[in-house]
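Have a look at the structure below before the remarks.
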Amino acid sequence: EDPEVTWIDGEVVEVNGDQIKVLCTSGKTVVVKASNVYPKDAEVPSCGVDDMTKLAYLHEPGVLQNLKSRYDMNEIYTYTGNILIAVNPFRRLPHLYDSHMMAQYKGAAFGELSPHPFAVADAAYRLMINEGISQSILVSGESGAGKTESTKCLMRYLAYMGGRAVAEGRSVEQQVLESNPVLEAFGNAKTVRNNNSSRFGKFVEIQFDQRGRISGAAIRTYLLERSRVCQVSDPERNYHCFYMLCAAPPEDIQRFKLGNPRTFHYLNQSNCFELDGIDDAKEYVATRRAMDVVGISSEEQDAIFRVVAAILHLGNVEFAKGKEMDSSVPKDEKSWFHLRIVAELLMCDVKALEDSLCKRVIVTRDETITKWLDPEAAALSRDALAKIVYSRLFDWLVDKINSSIGQDPDSKSLIGVLDIYGFESFKTNSFEQFCINLTNEKLQQHFNQHVFKMEQEEYTKEEIDWSYIEFVDNQDVLDLIEKKPGGIIALLDEACMFPRSTHETFAQKLYQTFKNHKRFTKPKLSRSDFTICHYAGDVTYQTELFLDKNKDYVVAEHQQLLGASKCSFVASLFPPLAEESSKSSKFSSIGSRFKQQLQALLETLSSTEPHYIRCVKPNNLLKPAIFENKSVLQQLRCGGVMEAIRISCAGYPTRKPFDEFLDRFGILASEVLDGSSEEVTACKRLLEKVGLEGYQLSLRQGIIGSTLDSILVPITGIAAALLEIYLLSSKSCIGKTKVFLRAGQMADLDGRRSEVLGRSASIIQRKVRSYLGRKSFILLRRSAIQIQAACRGT
Ligand SMILES: Nc1ncnc2c1ncn2[C@@H]1O[C@H](COP(=O)(O)OP(=O)(O)OP(=O)(O)O)[C@@H](O)[C@H]1O
């Protein structure tokens, strides 16, 4: 194990008790503890294996080495059982996704062809058709790992399978596919980690009719990042649509009174305006075309872009101190100019717009008081307006796409594709990371349960006697976050409703409540941060903006202003509120709503058969052909791949078909290979001969005590494994087609095989040496006799 490259390849040169001397391939010699060294399968092909479960040794370094050798050969997909691992190539590989490829995967058995998202989609489609069970494909990974690309690839395949032979105008599948560029234009942006980062989560539910044709679809989105609309840090960008609009054809530029993106405050906080290889003008035209396909009329499109332009102009309205104490007014003529354009574009009254930005009306029981906002508060009010308008616009787009594609009420089966943000842990983690990590905890629980089930099924299929008794999952973290009452979200909502709360009082409340919770800690030097011990590692959250970000309310003045807009599109974004909620400025909690959305998502997922794609980002430079071990390993751990392997390690991680097993280990008891018995009997006899009977007890200790703890616990930092498995009985490790071996047994057998091979080698060497020695002796003796005879003259 190495701190830099995590694992190094090497050869053992000396064993000294617990200490092992290793000559690394780098040329360095190191002395390490035996528990930090793992055996390597010398027989694994240099191009790796397409399924991790085919590895003789299923451990971290083996998994990593396999992914790397495949990635070096542009083999970006690898299975771990039924999970597909996709390593981002950061280069276009069009041959992998063309129609010829789709035709090949159509109907091919899973595992028959190279690993591919098409194979996952095909398996899901066939299961749905044959068994009538709804399916879901969960795509996860960190930002820039390739989730959206994989999702699009899955959707294309499903459209191919479920599409009509001849496109009938705007077909459902075309609409489903074209919803991608529309949502990307409004919900994606360049970030430091990805030039086309989705700033929202997405679940696309594709409905099929009895004959397996796509008959409807529904898109659900989660938690769009609103703050980006008004705040962009260098070298990131705001949402793509703003730049597209600034690059629109001249007549549109004129209509929307736009110009260079560098002149808009919401865009020029960062110095990045263009993206390599992307032409915003072309993207604008393409987005409009995609909008046509998904059923957004050209009037609606105009209204949408008018709102986008209004947001840009709104950002340029600055405020200065007014005549009254602590009041504010638009700063100068330039600000007035932009304010007037905003009013014109949103078709609302200029004065009402100015008032909604600079004043607040407070209604008490007896009177109505108008309060001025100082310039700083007015700027915040402006940003709040921009954010709410943008987020309502995004929701409108999603609703429109849904209603235009249409739902099929008679559909019996569906395939859902989930493209959702992976686990996040940064230097500073705020409310967004908190929600994202909650999502991942939930999905992790779902994943664990499913992987357990799949293992169970494999054992049952092979008629292996086994039982898992207890499985402790991450329910405790979920309770900590979302339990009602008393969880973190519930306490946050309470704090938001109490006017005098601050982030500090909220943090104090958390410290008090979760003093003894084993998943919660207070960082030593902090007064308002808290740390949660997540399944994928510890994350420290900064509470500063938690209260603000959790509040989801529209300022009453903004609601009134835009609800009264003469543009029916703008007014429809702000429908009148129900009587009681309009009176009180009752806050609605983003955290609680998100929790409910997640609950609904999990309910949907639970009614489907899941398939998993884990996307991995091989480097942070976003460049091809660079594979950074450390970061990949971290992602495999966070994505539950190591967890799946761990679960598998606790059972029978190594499986070998009978013939391969006999090929490899037949030499340990060659008498079993007499050819008279069947392979299965030969395997049984071989196992008896090598004394693998009665291994369960000692190996159980081996598994829990050494393999699990040493491979995973020091690495994940999660004390005592998340799961506890007790293997009760395992009378046989012979399945119907394969031999099942426990963790460590392969190494044991390989060790014995090396011994036999070593012994055989020395016997061969001995024989050869004695043959050669004898031959040369005979030659010498004959020569000597000849010489002697010659000398004697005979
Ligand atoms: N299979 C692939 N082939 C070629 N390029 C790819 C592939 N997958 C990803 N990429 C490249 O990586 C970039 C990032 O991928 P993508 O947008 O799918 O990441 P993501 O995981 O969805 O990120 P985010 O969470 O930020 O939205 C893509 O824009 C593309 O350039």
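Restricting the stretch 210-219 to residues that are in contact with a Lys or Arg (Cβ under 8 Å, 6 or more places away or on another chain) and modelled with pLDDT of 90 or more, which is surrounded by the most Cβ atoms within 10 Å (Cβ to Cβ)? Filtering the stretch 210-219 for residues that are in contact with a Lys or Arg (Cβ under 8 Å, 6 or more places away or on another chain) and modelled with pLDDT of 90 or more, the one surrounded by the most Cβ atoms within 10 Å (Cβ to Cβ) comes out as Ile219. The single condition from (1) assigned to a helix (DSSP H, G or I); (2) touching a residue at least 60 places away in the same chain (Cβ under 8 Å); (3) buried (at least 21 other Cβ atoms within 10 Å of the Cβ) that Arg392 fails is (3).
Taking (1) farther than 30 Å from Gln449 by Cβ; (2) of a type in the set (Gly, Ala, Ser); (3) modelled with pLDDT of 90 or more; (4) surrounded by fewer than 16 Cβ atoms within 10 Å (Cβ to Cβ) in turn, Ser565 satisfies each apart from (4).
Kindly indicate whether Arg126 is assigned to a helix (DSSP H, G or I), within 14 Å of the ligand (Cβ to nearest atom) and within 23 Å of Leu605 (Cβ to Cβ).
Details: assigned to a helix (DSSP H, G or I): yes; within 14 Å of the ligand (Cβ to nearest atom): no; within 23 Å of Leu605 (Cβ to Cβ): yes.
Taking the combined requirement at face value, the residue does not satisfy it.
Of everything in the stretch 130-155 that's more than 6 Å from the ligand (Cβ to nearest atom) and in a loop (DSSP other than H, G, I, E, B), which residue is least open to solvent (accessible area, probe 1.4 Å)? The extreme case among them is Ser134.
Could you tell me which residue of the stretch 262-277 is nearest to Ser233 (Cα to Cα), considering only residues that are free of Cβ contacts under 8 Å to residues at least 40 places away in the same chain and not small (Gly, Ala, Ser)? This residue is Gln269.
Among residues of the stretch 498-519 that are under 15 Å from Gln542 (Cβ atoms), those with a beta-carbon under 6 Å from a residue that is of a type in the set (D, E, K, R) at least six positions away or on a different chain give the pairs His503/Glu544; Tyr511/Lys522. Selection over the stretch 406-429 of residues that are touching a Leu at 6+ places or on another chain (Cβ under 8 Å) and open to solvent by 20 Å² or more (accessible area, probe 1.4 Å) gives a count of 0.
Taking the listed residues Pro610, Pro575, the one that is open to solvent by less than 60 Å² (accessible area, probe 1.4 Å) and at pLDDT 90 or above is Pro610, with no other qualifying.
Count, please, the residues in the stretch 19-51 that happen to be in a loop (DSSP other than H, G, I, E, B) and within 30 Å of Leu113 (Cα to Cα). I'd like the intermediate steps shown before the answer.
Step one: of the stretch 19-51, the residues in a loop (DSSP other than H, G, I, E, B) are 25-28, 37-50.
Subsequent filtering for residues that are within 30 Å of Leu113 (Cα to Cα) retains 39-50.
Of the residues in the stretch 19-51, 12 are in a loop (DSSP other than H, G, I, E, B) and within 30 Å of Leu113 (Cα to Cα).
Collect the residues in the stretch 187-206 that are in a strand (DSSP E or B), more than 9 Å from the ligand (Cβ to nearest atom) and either aromatic (Phe, Trp, Tyr) or open to solvent by 10 Å² or more (accessible area, probe 1.4 Å) (or both), keeping them in residue-number order. Matches in the stretch 187-206: Lys202, Phe203, Glu205. Looking only at residues of the stretch 479-489 that are buried (at least 18 other Cβ atoms within 10 Å of the Cβ) and either at pLDDT below 90 or among the hydrophobic types (A, V, I, L, M, F, W, C) (or both), we find that the one that is nearest to Phe520 (Cα to Cα) is Leu480. Of all residues in the stretch 600-623, those that are part of a helix (DSSP H, G or I) have Cβ atoms under 7 Å from Cβ atoms of residues that are open to solvent by less than 10 Å² (accessible area, probe 1.4 Å), 6 or more apart or on another chain, in Leu601/Phe203; Thr604/Gly416; Leu605/Ser136.
Can you find, within the stretch 412-452, the residue that is nearest to the ligand (Cβ to nearest atom) among those that are in a loop (DSSP other than H, G, I, E, B) and under 16 Å from Tyr541 (Cα atoms)?
Just the residues of the stretch 412-452 that are in a loop (DSSP other than H, G, I, E, B), to begin with: 412, 420-430.
From what's left, under 16 Å from Tyr541 (Cα atoms): 423-430.
Details: Phe423: 12, Glu424: 10, Ser425: 15, Phe426: 14, Lys427: 18, Thr428: 18, Asn429: 16, Ser430: 17 Å.
So the residue we want is Glu424.
Scanning for something under 24 Å from Ser501 (Cβ atoms), open to solvent by 60 Å² or more (accessible area, probe 1.4 Å) and part of a strand (DSSP E or B), does the stretch 529-547 turn up at least one residue? The answer is no; no qualifying residue exists. Remark: pairs (first residue in the stretch 751-769, open to solvent by less than 80 Å² (accessible area, probe 1.4 Å); second residue not in a helix (DSSP H, G or I); Cβ separation under 9 Å; 6+ apart in sequence or on different chains) = Gly751/Pro39; Arg752/Val690. Just to be sure before I move on: is His95 open to solvent by 20 Å² or more (accessible area, probe 1.4 Å), within 16 Å of the ligand (Cβ to nearest atom) and either part of a helix (DSSP H, G or I) or in contact (Cβ under 8 Å) with a residue 60 or more places away in the chain (or both) in the structure I sent? Answer is yes for this residue. Scan the stretch 265-284 and give yes if some residue there is aliphatic (A, V, I, L, M), modelled with pLDDT under 95, open to solvent by less than 70 Å² (accessible area, probe 1.4 Å) and over 22 Å from Ile405 (Cβ atoms), otherwise no. Yes. Scanning the stretch 504-528 for residues that are open to solvent by less than 90 Å² (accessible area, probe 1.4 Å) and within 30 Å of the chain's Cα centre (by Cα) yields Ala507, Leu510, Phe514, His517, Arg519, Phe520, Thr521, Pro523, Ser528. Within the span defined as the stretch 5-14, one or more residues are closer than 25 Å to Arg664 by Cβ and open to solvent by 80 Å² or more (accessible area, probe 1.4 Å).
Quick check on Pro181: is it crowded, with 19+ Cβ neighbours inside 10 Å, within 16 Å of the ligand (Cβ to nearest atom), modelled with pLDDT of 95 or more and assigned to a loop (DSSP other than H, G, I, E, B)? So Pro181 does not fit the description; no.
For the stretch 59-78, filtering for residues that are without any contact (Cβ under 8 Å) to a residue 40 or more places away in the chain and either open to solvent by less than 10 Å² (accessible area, probe 1.4 Å) or within 22 Å of Pro39 (Cβ to Cβ) (or both) leaves 6. Evaluated against (1) open to solvent by 10 Å² or more (accessible area, probe 1.4 Å); (2) within 19 Å of the chain's Cα centre (by Cα), Tyr222 falls short on exactly one condition, (1). Given the criteria at pLDDT below 50 and either open to solvent by 40 Å² or more (accessible area, probe 1.4 Å) or under 21 Å from Phe452 (Cβ atoms) (or both), does Gly694 qualify? Yes: the conditions hold for Gly694. Would you check if there is a residue in the stretch 241-255 being within 13 Å of the ligand (Cβ to nearest atom) and either out of contact with any strand residue (DSSP E or B) (no Cβ under 6 Å at 6 or more places or on another chain) or of a type outside the set (A, V, I, L, M, F, W, C) (or both)? The answer is no; no qualifying residue exists.
Could you count how many residues in the stretch 616-634 are within 13 Å of the ligand (Cβ to nearest atom) and open to solvent by less than 20 Å² (accessible area, probe 1.4 Å)? Qualifying residue count for the region: 4. Assess whether Ala56 counts as being more than 15 Å from the ligand (Cβ to nearest atom), open to solvent by less than 10 Å² (accessible area, probe 1.4 Å) and not in a helix (DSSP H, G or I). Yes, satisfied. Taking the listed residues Leu267, Leu275, Leu258, the one that is touching a Lys or Arg at 6+ places or on another chain (Cβ under 8 Å) and assigned to a loop (DSSP other than H, G, I, E, B) is Leu275, with no other qualifying.
The values are calculated or read from the model by the stated rules, or taken from the named source; none is laboratory data. The structure presented is a predicted model; accordingly, all values stated were derived computationally and were not measured. When we count neighbours, we look across all protein chains shown, and the Cβ atoms used for this are built from the backbone with ideal geometry, even at glycine. Calculation scope for accessible area: heavy atoms of the full protein, side chains included, ligands and nucleic acids excluded. Shrake-Rupley method; radii C 1.70, N 1.55, O 1.52, S 1.80 Å.
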